[in-house]
1. Which of the residues spanning segment 35-63 are out of contact with any helix residue (DSSP H, G or I) (no Cβ under 7 Å at 6 or more places or on another chain) and surrounded by 16 or more Cβ atoms within 10 Å (Cβ to Cβ)?
2. I'd like to know if segment 311-321 contains one or more residues that are in contact with an Asp or Glu (Cβ under 9 Å, 6 or more places away or on another chain), under 22 Å from residue 426 (Cα atoms) and of a type in the set (Val, Ile, Thr).
3. Any residue at all in segment 222-236 that is in contact with a strand residue (DSSP E or B) (Cβ under 7 Å, 6 or more places away or on another chain), of a type in the set (A, V, I, L, M, F, W, C), assigned by TED's automatic domain parsing to the domain that holds residue 195 and free of Cβ contacts under 8 Å to residues at least 24 places away in the same chain?
4. For residue 294, only one of the following conditions fails: (1) part of a helix (DSSP H, G or I); (2) closer than 18 Å to residue 235 by Cα. What is its number?
5. Given the condition closer than 15 Å to residue 394 by Cβ, modelled with pLDDT of 95 or more, over 25 Å from the mean Cα position of the chain (by Cα) and part of a loop (DSSP other than H, G, I, E, B), answer yes or no: does some residue in segment 273-286 qualify?
6. What's the number of the condition residue 145 fails, among (1) within 27 Å of residue 94 (Cα to Cα); (2) in contact with a Pro (Cβ under 8 Å, 6 or more places away or on another chain); (3) of a type in the set (Gly, Ala, Ser)?
7. Mind checking which residues of segment 328-337 are assigned to a helix (DSSP H, G or I) and surrounded by 13 or more Cβ atoms within 10 Å (Cβ to Cβ)?
8. Any residue that is out of contact with any Asp or Glu (no Cβ under 9 Å at 6 or more places or on another chain) and within 22 Å of residue 245 (Cβ to Cβ) - is there at least one of those in segment 361-376?
Amino acid sequence: MSSVPSPKNAASGGAPPLHRLLANASDAVQAVRDGHSLTDWLSRCPAEIRPGVQALSFTVLRRLGAAQAVRAAIAPKNPPPRVDALLLTALALLWPGESAYAEHTLVDQAVHAVRQRAPNSAGFVNAVLRRFLREREALVAAAQADPVARFNHPRWWQDRLRTDWPAAWEGLLQANQQKPPMTLRVNPAHDDLDGYLARLGEAGIAAHPAGALFPQAVVLDEPRPVQALPGFDDGHASVQDASAQLAAPLLLGQRPPQDLAPGEDWPVLGAGARVLDACAAPGGKTAHLQELAGNGLDLLALDADAKRLERVRQNLQRLRLEGAVRAADARDTAAWWDGRAFDAILLDAPCSASGIVRRHPDVRWLRRPDDIPALARIQSELLEALWPLLKPGGRLLYATCSVFRSEGQDQIDAFLQRHGDARSRQFDQGAGHLLPLADNARQDLAPGAAAVTDGFYYALLHKA
């Protein structure tokens with residue numbers, strides 16, 4: 001595996017030229033092809049060009065399968081990796097319906113970019129791109145015969161979705177190609193939903209509620225920098241997908257299960273309740289728990305990644321919330337547990353991220369088939385390690401941002417077979433596999449909310 005290409009140093013003054021954005025976007029694409037996270041690469045991209053580079057690289061990664069098929073049809077012999085990445089970047093951006101630039105401008109700037117890094121390849125890149133424009137209709141049609149080009153996902157990913165969701169797999173693949181909305185969580189300590197919507201309106205920001213299932217969720221009509229959001233620095237709102245906003249109310253009991261026995265009590269957890277967030281970073285769900293509990297939880301936030309834990313601390317600080325934060329592998333309980341049992345545990349387990357591909361379009365190209373069973377083993381180990389730490393009568397919320405059944409329902413079915421003292425509580429909405437599809441009636445979404453929620457899985461386990 002090669003090292004991540006380093007972003008170029010920023011030039012001073014004015015909007016960056018397109019050839020510079022294309023060059024950096026192609027470096028980002030090559031980093032992903034080499035197995036590196038796009039998020040990590042972009043974090044080192046100069047701030048003044050990062051938004052433009054991110055927008056271009058997201059588009060390219062959503063069309064990478066198609067671009068690869070067309071490049072192979074026009075030029076079967078692989079060019080040098082950095083030239084190939086720049087060529088794929090330009091082909092994806094020239095795909096019908098994708099380009100925000102005039103075609104001749106994009107070709108000219110792509111050739112300019114390759115001339116700066118591989119002058120001998122400039123004529124080759126120019127010839128390939130111009131042939132694509134001349135024969136685009138036929139080349140695009142031919143590419144549709146290749147499933148990877150048609151759906152822009154690896155074949156194994158498509159096969160897994162087809163097995164898990166035979167009636168919905170194509171819709172899930174298509175949903176991953178859409179741009180995600182920017183969704184906010186309104187802090188009830190400052191505003192109710194209507195009040196914050198009014199504040200957004202006064203600031204000239206159009207927005208609407210996400211739906212009845214998400215009482216704190218506001219969806220912006222267009223993404224905005226967080227600095228433009230009213231009261232953001234003072235903790236009035238946070239950026240969090242609507243599906244992720246289900247975790248805190250489910251765990252705390254603010255949405256009681258539908259299978260309560262006659263006379264069975266289901267208390268709402270609040271002040272003094274001892275709660276563990278076992279895989280907490282970056283801290284959105286951690287903060288939401290304290291928001292709903294009025295900052296009264298005895299809360300411990302763990303994460304194995306000490307660097308990412310800094311985000312948890314920053315989130316709590318901005319929202320003026322409290323909680324102990326500690327770097328530890330939740331599976332190694334001897335290293336961090338003080339012997340006091342928890343009333344509730346949130347296990348937002350490491351997973352394939354197959355439910356949030358539209359926000360992270362590199363995920364589909366980074367994952368390998370063997371990753372899924374490996375992740376499922378980690379999820380099982382976490383469940384086994386944390387279950388004994390729960391009080392009798394306590395509750396554990398298992399969550400993954402995945403649409404693969406092996407990381408969701410199959411995982412929980414196997415756990416229940418092993419543990420006779422565990423019961424999965426039932427909900428009409430908001431638990432089980434939540435698919436990012438318009439016709440998923442379990443989500444009770446607002447009209448036009450097909451793109452509101454990411455894919456998630458939730459199971460609330462009750463300890464007898």
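1. 36, 58, 62
2. Taking every residue of segment 311-321 in turn, none turns out to be in contact with an Asp or Glu (Cβ under 9 Å, 6 or more places away or on another chain), under 22 Å from residue 426 (Cα atoms) and of a type in the set (Val, Ile, Thr).
3. yes
4. It fails just one condition, (1).
5. yes
6. The failed condition is (2).
7. Result: 333, single match.
8. yes
The values are calculated or read from the model by the stated rules, or taken from the named source; none is laboratory data. Bear in mind the structure is a predicted one, so any value in this text is a computation, not a measurement. No Cβ is skipped: glycine too gets one built from the backbone with ideal geometry, and neighbour counts run over all protein chains shown.
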